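J.: Quick one: this structure, given as structure tokens, is what I'll be asking you about.
The values are calculated or read from the model by the stated rules, or taken from the named source; none is laboratory data. Every value quoted in this text rests on a predicted model; they were computed, and no experiment measured them. Note that we place each Cβ from the backbone using ideal geometry, even for glycine, and neighbour counts take in every protein chain shown.
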Amino acid sequence: MANRKNSLIHMEIVGARELEAALMGLGQDRLIKATLKRALINASKPAVETAQRLAPKHTGRMADKIAVSSTLSRRQRRGSGYRFNPNTAYVWIGSAPRGPGTLAEFGSGPRYQKRTRKFVGAMPAQPFMRPAWEQHKDQILRDFAAELWIQIDKSARRLARRQAKAAGIRP
């Protein structure tokens with residue numbers, strides 16, 4: 001579901017009780033959150049690759065700056081209406097916080113310099129993130145469920161090794 005105010009996308013999985021039980025079996029909140037983040041990042045990679053392929057080429061190296069991240073810069077947080085919840089795993093797909101990404105995606109009207117009022121141009125919209133999301137949103141959800149099982153297994157093994165080491169048991 002898209003929030004029109006700030007164009008962030010909220011995704012929710014309903015009916016995944018087995019996944020939830022497996023996550024709760026990990027016990028530690030930070031471990032659960034890290035597991036969710038890793039699964040979301042890995043599931044989002046196809047959309048990132050498509051966005052990089054669709055990114056306008058005339059804007060320089062913008063395609064190289066499109067990535068999936070679990071943090072936002074201060075500037076990105078300020079304009080997004082983002083409210084941090086410590087019990088939630090966040091992942092964003094997009095271009096670098098500074099640069100032509102937003103202008104290329106949404107375009108701009110006529111732009112003028114402040115002092116001289118000199119016309120410096122207008123940029124037509126050339127969407128690349130939205131088409132990439134639309135193309136991959138169902139695949140991301142399917143991949144996320146599969147990737148989450150893999151990451152839960154890895155986290156459980158990592159936790160078992162850590163607990164064995166703390167108990168003085170060598171594998």
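J.: Look through the range 89-120, keep the residues that are over 30 Å from LYS33 (Cβ atoms) and small (Gly, Ala, Ser), and return whichever of them is surrounded by the fewest Cβ atoms within 10 Å (Cβ to Cβ).
T.: The qualifying residue surrounded by the fewest Cβ atoms within 10 Å (Cβ to Cβ) is GLY109.
J.: Looking at ALA43, ALA89, ALA51, ALA39 in this structure, which one is modelled with pLDDT of 80 or more, under 16 Å from the mean Cα position of the chain (by Cα) and assigned to a loop (DSSP other than H, G, I, E, B)? Don't jump to the end; show me each part of the working.
T.: Details: ALA43 fails: assigned to a loop (DSSP other than H, G, I, E, B); ALA51 fails: assigned to a loop (DSSP other than H, G, I, E, B); ALA39 fails: assigned to a loop (DSSP other than H, G, I, E, B).
Step by step, each of ALA43, ALA89, ALA51, ALA39 is checked, and only ALA89 is modelled with pLDDT of 80 or more, under 16 Å from the mean Cα position of the chain (by Cα) and assigned to a loop (DSSP other than H, G, I, E, B).
J.: Here are some conditions: (1) touching a helix residue (DSSP H, G or I) at 6+ places or on another chain (Cβ under 9 Å); (2) of a type outside the set (Val, Ile, Thr); (3) surrounded by 15 or more Cβ atoms within 10 Å (Cβ to Cβ). ARG142 meets all but one. Which one does it not meet?
T.: Here ARG142 clears every test but (3).
J.: Which of the residues spanning the range 155-171 are free of Cβ contacts under 8 Å to residues at least 60 places away in the same chain and outside any loop (DSSP other than H, G, I, E, B)?
T.: From the range 155-171, those free of Cβ contacts under 8 Å to residues at least 60 places away in the same chain are 157-158, 160-171; that's our starting set.
Residues satisfying the conditions are ARG157, ARG158, ALA160, ARG161, ARG162, GLN163, ALA164, LYS165, ALA166, ALA167.
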